[in-house]
Amino acid sequence: MIGIGPLLTIPLVLGSLHGPLSLAGWIGGALLALCDGLVWAELGSAYPRSGGTYGYFLGIFGSRGIGRMLAFLFVWQLIFVTPLTIATGYIGFANYAGYLVPALATNPLALKLVAVAVGIVTVVSLYRGIKAIEKISIILGVCSVVALLCVTAASFARWSPHLAAQLGPGDVWGGLRAGLGPALVIAMYDYMGYYAANLIAGEVAVPHRTLPRSILIAIAIVATLYITMQAGVLGAIPWQQFVPLADGTLPPLGQHLSSAIVERVAGAPAAIALTVLILVTAFASTFAVLLGASRVPQAAARDGNFPRIFAHENKREKFPDVSLAVMGGVALIACFFTLDQVINALTAGIVLTQGIGQVAVLFVLRARGVRAPYRMWLFPLPAIVALAGWVYIFASSGVPAMLLGVLSIVLGMGVYRLSVLRAR
């Protein structure tokens, strides 16, 4: 759940909600994550198998008909959404590399080429048998938490209440109405991952207790870290200096904000060390995400619920080479867009099949009288809040992202009819 995301997106949140209003975006995102997490918790206890949403669609609607189609569409969206998530890590790597090589920070094309180069290295590194997922995850977690704590500590070392209280132009309610939706899109991108244990639920001990606990504890810890870091940044540097420019690009300070904060407090050597740590975090996160995600289309293809080509394996090392190449290639293309465009597109993609779809699955489960081992508190209120929140986020992601999300679903339904149904 903790990665490079918040180190990249604080300027984007402040671009939508100015000054202390930005805290509303992080708090609202935490509340939405909590409500959606309770949906994941109940479904995970009812269907404790690996695969997450893919398995929930098959479990509640069956392996034929609408259940099979929804499972296909989830995997179809995954091969677009996951590469976009990975691309944000490539873009983040390039942005922070600009701190070490200042010439990059003022050359947008060079930044994009660095991001693409990191993506190519990642795919090449994965083009072999890999058995170190656990070690990679531990390294990623340690590096991410250490980086967040360093930035937060540096922010409060010279914290100014006057800076932290600076509002943007206009009134408070007008600012919230205009910026809360876009800020929630960014915040939910950062909070994503609270459901990670559900994706491997088949390997989790006592899932009806473990999954709800992992979700609630993760959201509480990460929300505390992110909100505290945002409060610290507000009082460390005037927020007007690092918000996105008119064309959507970030100024140099916004590209490597965390490094700049540490430099002001502890000097250049400490900032360089932190930047290297962030680069390790960025690479490790993209490496681990692409490693795991490339296995999902392969599994669906083996079930007969996705085009058979995605089941292909490298004969020598036994890894899903076609799935890896497709997802890695889409991520490289996404590197040529701005960070906010990529985040809007991936969030809109998640909403349709995963966010809204899972709430629908839960209501069907309850209507059928199925009593899951874990049942959410105050049903149906959290589910309704999650549904309303996802709809609001989808509407706030922007027309291009919304159109992309809808068109990908329509295209996916066509591919489903042409490939999967015909194969049967």
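The values are calculated or read from the model by the stated rules, or taken from the named source; none is laboratory data. This structure is a prediction, so every number in the text was calculated from the model and none was measured. Cβ coordinates were reconstructed from backbone atoms using ideal geometry, including for glycine residues, and neighbour counts include every protein chain displayed.
May I ask you to list the residues in the stretch 154-177 that are in a helix (DSSP H, G or I) and surrounded by fewer than 15 Cβ atoms within 10 Å (Cβ to Cβ)?
157, 161, 162, 172, 173, 174, 177
Looking only at the stretch 370-424, how many residues end up being surrounded by fewer than 20 Cβ atoms within 10 Å (Cβ to Cβ), under 18 Å from the mean Cα position of the chain (by Cα) and of a type in the set (Ser, Thr, Tyr)?
Matching residues across the stretch 370-424 total 1.
In the stretch 1-27, how many are surrounded by fewer than 24 Cβ atoms within 10 Å (Cβ to Cβ), over 11 Å from residue 148 (Cα atoms) and of a type in the set (A, V, I, L, M, F, W, C)?
So the count comes out to 5.
Please count how many residues of the stretch 334-386 are in contact with a helix residue (DSSP H, G or I) (Cβ under 8 Å, 6 or more places away or on another chain), farther than 20 Å from residue 32 by Cβ and assigned to a helix (DSSP H, G or I).
Result for the stretch 334-386: 6.
Looking for something at negative phi, in contact with a Phe, Trp or Tyr (Cβ under 7 Å, 6 or more places away or on another chain) and not charged (D, E, K, R) - is there at least one such residue anywhere in the stretch 143-162?
no
Quick check, is residue 316 of a type in the set (Lys, Arg), outside any helix (DSSP H, G or I) and either closer than 20 Å to residue 66 by Cβ or modelled with pLDDT of 90 or more (or both)?
no
What helices (runs of 4 or more DSSP H) completely inside the stretch 188-284 contain at least 1 residues that are within 20 Å of residue 149 (Cβ to Cβ)?
In the stretch 188-284, 207-234, 257-266 are the helices (runs of 4 or more DSSP H) which contain 1 or more residues that are within 20 Å of residue 149 (Cβ to Cβ).
Does any residue of the stretch 240-257 turn out to be under 19 Å from residue 163 (Cβ atoms) and surrounded by 24 or more Cβ atoms within 10 Å (Cβ to Cβ)?
Yes, the conditions are met somewhere in the stretch 240-257.
Of these, 257, 277, 291, 352, which one is farther than 16 Å from residue 83 by Cα and within 18 Å of the chain's Cα centre (by Cα)?
352
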